[in-house]
Amino acid sequence: MMTRDSIELKFDISGKIEMPHLSYGKVGSASKHAIASDVLARKNEDVLLINSTGFNVCSVFAGLAERHIEHIANYAPKEYKKEIIDLLSNIAEVEDIFRIAKLLDEDLGNNSTKNQERVKNIIQYVKDNKIVFEF
Amino acid sequence: MAVIYPDENYNYGFQPQKADDLAYGLENEKKAVAEATEEIKKDLLARWKKRYADAEIFPPKLAGTNPEVVEFMLSFKHTLFYNKLAGNLGLDRNQRDNLPQIVWEIVIGKNWRDAEQIIAGGLGLDGKKAGTIADFLFANILDQAKILSEKPFVPRRRIAAEEKTETKLIAVRFSQSLKQYPSLGEQLITSGPLRLRVFPAPARPSIKNWIADYHENAGAGSHGVIDRGNYLFHTENTRRLTDGERQRVGYIIKALDEDAVVTINQEKGEIVFQANEFRKRTVNEPNRPPAKMETVNNESGAGNQKRESAVREPITEENLKFSSPHTFPAEKRSEKAVFQPRTESRPVPRPAPSFQPFARTIQSSRPNLYRITPINQPGPETSPRGNNSKNDPKTKGNVVDLRN
């Protein structure tokens, strides 16, 4: 039999899977960093479990890997793609995405730009294939 | 006054946990969370797939393109290739960004022959540079895309439609269905959470929980219509249901009580509520013999009673009967008109009805007294004495001469 604790645990876990952008407390660079790291570590299928509205959030987008965006392009319904196009059409949001990628790079040390490169390529990928992202 | 201080060395019955025990507990908890996470992910993924089963993934302009081509074109390595090509051939930012759009245009339109012209026109380049870019593009992308586009394919929409028709609906008894499809118990049939006595927290409105609630309120075992009606309208959980939700709950508890046949979507492992009634009427009835003899289960305890319901024949004048044994004039008339004593066992062929004007039938059955004849054509019955009598009034047209 499930107890109250186990139900709360279940809600916590499913909340984190579906809405990581609302699950890391107060909005700040630490929570953005945590959200991006969470998304980055996910499997392709698990990325699509994020609610479509999450793809309009910088920290979620900043955590997308190359394999994720390829998976999104091939399998995500149009509402996901629309959110991404909406996000990338806002310059301030794009700047924020790069800021979060820079935070992730700072963790790596050695003046690494790996995450910033990743984000740049992902944005370029969306631009190159806007035919499948724009409805 | 003496003050009693707690003995610092006394442990009040608590045994301090060792560091190893704590680590073991933490490890176990982590393991439990990881297992729960996997389980929840599976559940969410199944729901996601169900929700987006018919979702639009690509815009309509790609409907005529082979899905394999689209998948190939969406490879991330192409973005890196365009970056490299633009760097090597000195394309500016705009040209770099336009190049993939031009490639998509060539692929969708299958303009392999005109690729060089399209590239030259699209990027504003001379023929030589456009030729070089075209060579690189064919070597890395376009040749492969051309091969894939020549493959026969089924448009995405049609694939989805075919997959949909393949979903099998089966009719199974309710008790059997729960055994065969354990996931059925988890199917949510209403929206709000349930409050169960045995369970302190709000419970999911699943079939399993609704059955638990039904048994809590109405008791275990099967119940009649009245019990079900009372449950459906007068318990804490059912009071707030919408009509549709109440119908679904009612359907489930009826199926539970009567172990009725339910329709199940095999693929989803769910009860199909909308098709239930339809299947009852269209699938089960043809297998049942036409209503010859029905057994009526007398719930009042008077025992079972067999009622023979006559097989219905088309109603004709011959078999027209009223429910009462009393013979009505209409029946008498039909007997007189049609009935002929049958002396032989084989059916006597009925003579074909000959056309008789309705007025003549009335004439023969009514007394002459009521007969109306035209004034200027007096019939023999107008006067019992006849027209030649001296005292009879003479008529001429509509004028009656009473003088004679």
Check your understanding: Inside segment A:16-35, can you point out the residues that are modelled with pLDDT of 90 or more, within 23 Å of A:Pro77 (Cβ to Cβ) and of a type outside the set (Lys, Arg)?
Key -> A:Ile17, A:Glu18, A:Met19, A:Pro20, A:His21, A:Ile35
Review point. Has segment A:22-34 got any residue that is within 13 Å of chain B (Cβ to nearest Cβ), surrounded by 18 or more Cβ atoms within 10 Å (Cβ to Cβ), more than 30 Å from B:Pro193 (Cα to Cα) and not acidic (Asp, Glu)?
Key: no
Exercise for review: Please find, among B:Asp126, B:Asp143, the residue that is among the acidic types (Asp, Glu), more than 13 Å from A:Asp128 (Cβ to Cβ) and within 51 Å of the chain's Cα centre (by Cα).
Suggested key: B:Asp143
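Restricting to segment B:214-235, and then to whatever is farther than 15 Å from B:Glu245 by Cα and charged (D, E, K, R), can you tell me which residue is farthest from the other protein chains (Cβ to nearest Cβ)? Give the derivation first.
Of all residues in segment B:214-235, those farther than 15 Å from B:Glu245 by Cα come to B:215-227, B:230.
If we keep only those that are charged (D, E, K, R) too, we end up with B:216, B:227.
Numbers: B:Glu216: 15, B:Asp227: 27 Å.
Per the criteria, the residue is B:Asp227.
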Study note, to complete from the structure: Within segment A:53-65, the residues that are under 11 Å from A:Leu40 (Cβ atoms) and either within 10 Å of chain B (Cβ to nearest Cβ) or at pLDDT below 95 (or both) are A:Ala65
Exercise for review: Find the residue count for segment B:203-247, including only residues that are in a helix (DSSP H, G or I) and without any contact (Cβ under 8 Å) to a residue 60 or more places away in the chain.
Suggested key: 26
Point to revise | Residues that are part of a helix (DSSP H, G or I), away from chain A (no Cβ under 14 Å) and of a type in the set (Gly, Ala, Ser), drawn from segment B:123-147 | key: B:Gly127, B:Ala130, B:Gly131, B:Ala134, B:Ala139
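How many residues, within segment B:78-95, are in a helix (DSSP H, G or I), more than 9 Å from every other protein chain (Cβ to nearest Cβ) and either free of Cβ contacts under 8 Å to residues at least 24 places away in the same chain or hydroxyl-bearing (Ser, Thr, Tyr) (or both)?
In the first step, residues of segment B:78-95 are kept if they are in a helix (DSSP H, G or I); the result is B:78-89, B:93-95.
Still in the running and more than 9 Å from every other protein chain (Cβ to nearest Cβ): B:81, B:84-89, B:93-95.
If we keep only those that are either free of Cβ contacts under 8 Å to residues at least 24 places away in the same chain or hydroxyl-bearing (Ser, Thr, Tyr) (or both) too, we end up with B:84, B:86-88, B:93-94.
Going through segment B:78-95 one residue at a time, the tally reaches 6.
Return the residues of segment A:104-115 that are touching a Lys or Arg at 6+ places or on another chain (Cβ under 7 Å) and either in a loop (DSSP other than H, G, I, E, B) or among the aliphatic types (A, V, I, L, M) (or both); say none if nothing qualifies.
Of segment A:104-115, the ones touching a Lys or Arg at 6+ places or on another chain (Cβ under 7 Å) are A:105, A:108.
Once the filter is applied, which keeps residues that are touching a Lys or Arg at 6+ places or on another chain (Cβ under 7 Å) and either in a loop (DSSP other than H, G, I, E, B) or among the aliphatic types (A, V, I, L, M) (or both), segment A:104-115 yields only A:Leu108.
Table: residues versus (1) over 16 Å from B:Thr132 (Cβ atoms); (2) modelled with pLDDT under 95; (3) more than 12 Å from chain A (Cβ to nearest Cβ).
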position	(1), (2), (3)
B:Ala55	yes, yes, no
B:Pro67	yes, yes, no
B:Pro100	yes, no, no
B:Val103	no, no, no
Revision key, fill the gap. A:Phe135 vs (1) away from chain B (no Cβ under 14 Å); (2) outside any helix (DSSP H, G or I): all pass except (1)
Point to revise | Qualifying positions in segment B:96-116 - in a helix (DSSP H, G or I), farther than 17 Å from B:Thr79 by Cβ and free of Cβ contacts under 8 Å to residues at least 12 places away in the same chain | key: B:Gly109
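The values are calculated or read from the model by the stated rules, or taken from the named source; none is laboratory data. Quick caveat, the model's predicted, so the values are computed rather than measured. Note: ideal-geometry Cβ built from the backbone for every residue, glycine included; neighbour counts use all protein chains shown.
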